[in-house]
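Student: Below you will find the structure I want to go over with you.
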Amino acid sequence: MKFRRLATGFLAAVLLASSALAASYGSQGNDADWRAGANPAQGEYVENLSYRQYANLKETTVIKDATSPTGFYVTFRYFDPGAERVRIRGEWSLYRQVSNSLFLDGWYSPADWADGMFPLQADVADWPAFEMTKDESTGIWSYTIPLPSGTWSYRFYVDGDEGTDVTDYTGAYQTTDPNNRPFEKELGEQGNSQVRVPFDGEKQTEDFSVQLPRSDGKTGTVEVLTYVTTGIEELADDPALAVYLPYGYDADRAEPYPVLYISHGGGLESETSWYNKGSLGYITDNLIAEGLLEPTVVVSINNYATDFNVESFIHDAVPLVEATYNVATDPANKAVCGLSRGGMFTTQLMLNYPDEFGTFGVFSGAFADPTMEAAYPASLADASVYLAAGYFDTAFEDISNVMDLLTEQGIAYETFFTKGGHDWNSWRQMYVDFVSNFLWK
């Protein structure tokens, strides 16, 4: 999957198992220059290296190792000889479901991983952090853990006030991985890097390798469009769309491509969040290549910029996409979905623009309080509605309420539930199920 920002020459390199969407900025030059200067071990399986060669690597690396409980180790690396302290914080607070009940056993560190565990941001529990170890001879800080199949977000904290606890970041400098930058419109827009780990069928049960990049060239491209909104006085960010064009996209194809609009949740998110934490581009590449999804244009929205303004989306974003790309304009081939507050955004569209889209996907969030709701329009009965949540999701009750409302009004819907919570581990699974088993079906 290649990335570019329209009219700016924005390029990014896609690395194999490390998941790096390494954007080229400034002296980094273009994609070809970046690749020519990159260490060949970066983001790939490391083989036939001596201990010293391995220790001298500056990049975060995934390696296959028979001694790992998952079959793989990830060594996170940060080069800073002058740092006094470096910590890594990541998406790996692990839990285990107790005997198919709604009770949890956790939390576990990745070092204690056993088959059946899954990441979960339960209640107010935060991502755990660990101290990294410095190699005085190389200036490289490192931390190695086993991780199972899938996508894992992380960031580094450099220095900080002396004597602070490992999770007290007062005075620390926060940064993504300089050798594994996330894909972003502007440097610093995303707060985490991602590493993606393959699947070992002998040691793991759940296969999330659909989240990994392809190596056969059957990959789409992503373009970032900025645009002007109407009727919004203050903007938190530049309104932008990250548009995925499937492999072989033909602007002159006689039949327009079906189009899916997708939203992130609340907080400091952007149009690129789904491509980083959500692995959307890689997932879509794989599902199209495997015949599980027909070639589809996917438009990720920056709803942080517009405060989830439905009117701006309908009157500014959608017309821009339809004027720029060869996409369908008929409702049957238009869909919209979103997670958390993006799910609320989707239910607003269900209530106010039920005839604009043929499919609505609500992940982990909805306006569901009957005292706040108008009745869903009768025309929504002609649409396809998909509701999803994690069994340990803070929005599980909201989704259940929407199910009740739709049932009372005779509107059909499909559901999907994950063994997870209100987090990207669940939302990635929801996206896979939604587009492969429900969308355009």
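Student: Only residues that are basic (Lys, Arg) and over 22 Å from the mean Cα position of the chain (by Cα): list them for region 199-229, please.
Tutor: 203, the sole residue that qualifies.
Student: From the set of residues in region 83-105 that are part of a loop (DSSP other than H, G, I, E, B) and in contact (Cβ under 8 Å) with a residue 40 or more places away in the chain, which is most open to solvent (accessible area, probe 1.4 Å)?
Tutor: So the residue we want is 84.
Student: Continuing with the same structure: Which pairs turn up if I take residues in region 205-224 that are open to solvent by 50 Å² or more (accessible area, probe 1.4 Å) and look for partners that are among the basic types (Lys, Arg) and assigned to a loop (DSSP other than H, G, I, E, B) with beta carbon separation below 9 Å, at least 6 apart in sequence or on another chain?
Tutor: These pairs meet every condition: 206/419.
Student: Residue 394: of a type in the set (S, T, N, Q), at negative phi and touching a Phe, Trp or Tyr at 6+ places or on another chain (Cβ under 8 Å), yes or no?
Tutor: It is false that residue 394 is of a type in the set (S, T, N, Q), at negative phi and touching a Phe, Trp or Tyr at 6+ places or on another chain (Cβ under 8 Å).
Student: Quickly run through region 401-419 and pick out the residues that are touching a strand residue (DSSP E or B) at 6+ places or on another chain (Cβ under 8 Å) and either buried (at least 18 other Cβ atoms within 10 Å of the Cβ) or not in a loop (DSSP other than H, G, I, E, B) (or both).
Tutor: Result: 402, 403, 406, 411, 414, 415, 416, 417, 418, 419.
Student: Can we say residue 388 is open to solvent by less than 40 Å² (accessible area, probe 1.4 Å) and either touching a residue at least 60 places away in the same chain (Cβ under 8 Å) or among the small types (Gly, Ala, Ser) (or both)?
Tutor: yes
Student: Continuing with the same structure: What are the residues in region 146-174 that are part of a strand (DSSP E or B) and in contact (Cβ under 8 Å) with a residue 40 or more places away in the chain, if any?
Tutor: Within region 146-174, 146, 150, 151, 152, 153, 154, 155, 156, 157, 158 meet the criteria.
Student: Count, please, the residues in region 319-342 that happen to be within 22 Å of the chain's Cα centre (by Cα) and either open to solvent by 10 Å² or more (accessible area, probe 1.4 Å) or over 22 Å from residue 430 (Cβ atoms) (or both).
Tutor: Count: 3.
Student: Going through region 236-273 one residue at a time, which ones are in contact with a Phe, Trp or Tyr (Cβ under 7 Å, 6 or more places away or on another chain), part of a loop (DSSP other than H, G, I, E, B) and under 18 Å from residue 184 (Cα atoms)?
Tutor: 236, 237, 239, 264, 268, 269, 270, 272, listed by residue number.
Student: So, one more: Tell me, please, whether a residue that is farther than 30 Å from residue 228 by Cα, in a helix (DSSP H, G or I), out of contact with any His (no Cβ under 7 Å at 6 or more places or on another chain) and without any contact (Cβ under 8 Å) to a residue 40 or more places away in the chain can be found in region 360-379.
Tutor: yes
Matching residues to (1) under 23 Å from the mean Cα position of the chain (by Cα); (2) modelled with pLDDT of 90 or more; (3) of a type in the set (S, T, N, Q):
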position: 370; (1), (2), (3): no, no, no
position: 376; (1), (2), (3): no, no, no
position: 387; (1), (2), (3): yes, yes, no
position: 392; (1), (2), (3): yes, yes, no
position: 401; (1), (2), (3): no, no, yes
position: 408; (1), (2), (3): no, no, no
position: 418; (1), (2), (3): yes, yes, yes
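Student: Follow-up question, since we're still on this one. Out of 143, 108, which single residue is within 30 Å of residue 202 (Cα to Cα), in contact (Cβ under 8 Å) with a residue 60 or more places away in the chain, in contact with a strand residue (DSSP E or B) (Cβ under 8 Å, 6 or more places away or on another chain) and of a type in the set (Phe, Trp, Tyr)?
Tutor: Of 143, 108, the one residue that is within 30 Å of residue 202 (Cα to Cα), in contact (Cβ under 8 Å) with a residue 60 or more places away in the chain, in contact with a strand residue (DSSP E or B) (Cβ under 8 Å, 6 or more places away or on another chain) and of a type in the set (Phe, Trp, Tyr) is 143.
The values are calculated or read from the model by the stated rules, or taken from the named source; none is laboratory data. As the structure is a prediction and not an experimental result, all values here were calculated from the model. Positions of Cβ are generated from backbone atoms using ideal geometry, with glycine treated the same way; all protein chains shown enter the neighbour counts. The accessibility values were calculated without ligands, DNA or RNA, using every heavy atom of the protein model including side chains. Shrake-Rupley method; radii C 1.70, N 1.55, O 1.52, S 1.80 Å.
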